[in-house]
Amino acid sequence: MKVAALQMVSGVAPQANLAQARSLLEQAAQAGAELAVLPEYFCAMGLRDDDKLALRESPGDGPIQQFLAGAARALGLWIVGGTLPLVARSAQHVHNSALVFSPAGECVARYDKIHLFRFDNGREQFDEARVIEAGSRCVHFDLPARDGRCWRVGLSVCYDLRFPELYRAHARAGADLLLVPSAFTYTTGSAHWELLLRARAVENLAYVLAPAQGGRHENGRRTWGHSMLIDPWGQVLAQRDEGAGVVLGELDADHLQQLRRQLPALEHRVL
């Protein structure tokens, strides 16, 4: 199955971001991808954290969700919009949510980011908990490919990558592919992004597809990019360093099963 990680450099204007996302989704579909995954905050990278509040939508209703559903139907794609702001219990917070749309335009899964990023090195300060309400559930979905193979897909977002217990839960559920839509900072991404992604692939004997924000944004923030597809042996199969674009690659079910037979580490778990 061919898959696509869509790298963006989202600005503050949602409509411009959605136009760019549509162009990238069209490129992915034309290249034969069955699954296309957008990065975290694909719809907007605001000037302030609380800009997310003005964009929040109720589940099943809103222009961003309509965009994703319409694109999935029109292009015949599985699309993961990772992420957009959905309403939370508090009026001062949103959920940072990844939504999965089938080629019929139906929303078949929702994952609310569990781990909220906080970082302060004296020059950069981030604290997502100021406006984001954490999720609490591990979520996966089944994707029937055109060749008849069914892929179990585990959902995660950005900072989740540092918490291997989430991915182990996906492995216990039989995940073959792990998705990590992200907006890693340049500082943390240059140090840990590829290292962590390859580790999650190797320890769970699963493919990892990680679309990212990658460049200098209108709000002054710089993201690391390096969207990539990694195989279950930890090999980087495709990658884009910076700038908007499409990262394409193939998932090979036979290769996955061969590696799991050769090294049955998932069967050797004790804890």
Checklist entry - Of the residues that make up segment 182-194, is at least one farther than 28 Å from residue 109 by Cα and hydrophobic (A, V, I, L, M, F, W, C)? => result yes
Checklist entry - When you look at residue 160, is it within 15 Å of residue 181 (Cα to Cα) and free of Cβ contacts under 8 Å to residues at least 60 places away in the same chain, yes or no? => result yes
Next on the checklist: Let me confirm something: among 87, 153, 94, 131, which residue is closer than 22 Å to residue 25 by Cβ and not basic (Lys, Arg)?
Outcome noted: 153
Checklist entry - Does residue 206 satisfy the condition of being farther than 30 Å from residue 148 by Cβ, under 17 Å from the mean Cα position of the chain (by Cα) and in contact (Cβ under 8 Å) with a residue 40 or more places away in the chain? => result no
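Results for (1) touching a Phe, Trp or Tyr at 6+ places or on another chain (Cβ under 9 Å); (2) within 21 Å of residue 172 (Cβ to Cβ), shown as yes or no for each residue.
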residue	(1), (2)
204	yes, yes
209	no, yes
221	yes, no
225	yes, no
229	yes, no
236	no, no
239	no, no
249	yes, no
265	no, yes
Checklist entry - Scanning for something over 22 Å from residue 148 (Cα atoms), among the basic types (Lys, Arg), surrounded by fewer than 23 Cβ atoms within 10 Å (Cβ to Cβ) and in contact (Cβ under 8 Å) with a residue 12 or more places away in the chain, does segment 70-89 turn up at least one residue? => result yes
Checklist entry - In segment 101-118, how many are out of contact with any Ser or Thr (no Cβ under 7 Å at 6 or more places or on another chain) and farther than 19 Å from residue 69 by Cβ? => result 4
Checklist outcome for this item: Listed by first then second residue, the pairs whose first member lies in segment 28-39 and is of a type outside the set (A, V, I, L, M, F, W, C), whose partner is at pLDDT below 95, with beta carbons under 7 Å and at least 6 positions apart or on separate chains, are 39/82
Item to check | Residue check, residue 247 buried (at least 22 other Cβ atoms within 10 Å of the Cβ), touching a Lys or Arg at 6+ places or on another chain (Cβ under 6 Å), in contact (Cβ under 8 Å) with a residue 12 or more places away in the chain and under 28 Å from residue 51 (Cβ atoms) | outcome: yes
Item to check | Pairs with Cβ under 8 Å, 6+ apart, first in segment 121-138 and within 23 Å of residue 189 (Cα to Cα), second part of a helix (DSSP H, G or I) and not aromatic (Phe, Trp, Tyr) | outcome: 121/187; 124/187; 131/52; 131/53; 132/52
Checklist entry - Which of the residues belonging to segment 138-188 are among the acidic types (Asp, Glu) and within 20 Å of residue 234 (Cβ to Cβ)? => result 160, 165, 176
Checklist entry - If a residue has to be small (Gly, Ala, Ser) and surrounded by fewer than 16 Cβ atoms within 10 Å (Cβ to Cβ) to count, how many in segment 25-49 make the cut? => result 2
Checklist entry - Looking at segment 121-150, which of its residues are part of a loop (DSSP other than H, G, I, E, B), surrounded by fewer than 17 Cβ atoms within 10 Å (Cβ to Cβ) and not hydrophobic (A, V, I, L, M, F, W, C)? => result 121, 122, 123, 124, 136, 137, 146, 147, 148, 149
Item to check | Residues of segment 152-204 satisfying the condition of being of a type in the set (D, E, K, R) and either in a helix (DSSP H, G or I) or surrounded by fewer than 24 Cβ atoms within 10 Å (Cβ to Cβ) (or both) | outcome: 152, 160, 162, 165, 168, 172, 194, 198, 200, 203
Checklist entry - If a residue has to be surrounded by fewer than 19 Cβ atoms within 10 Å (Cβ to Cβ), closer than 29 Å to residue 22 by Cβ and without any contact (Cβ under 8 Å) to a residue 60 or more places away in the chain to count, how many in segment 213-237 make the cut? => result 4
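The values are calculated or read from the model by the stated rules, or taken from the named source; none is laboratory data. All values reported here derive from a predicted model rather than from experimental measurement. Here the Cβ is made from the backbone with ideal geometry for all residues, glycine too, and neighbour counts use every protein chain on show.
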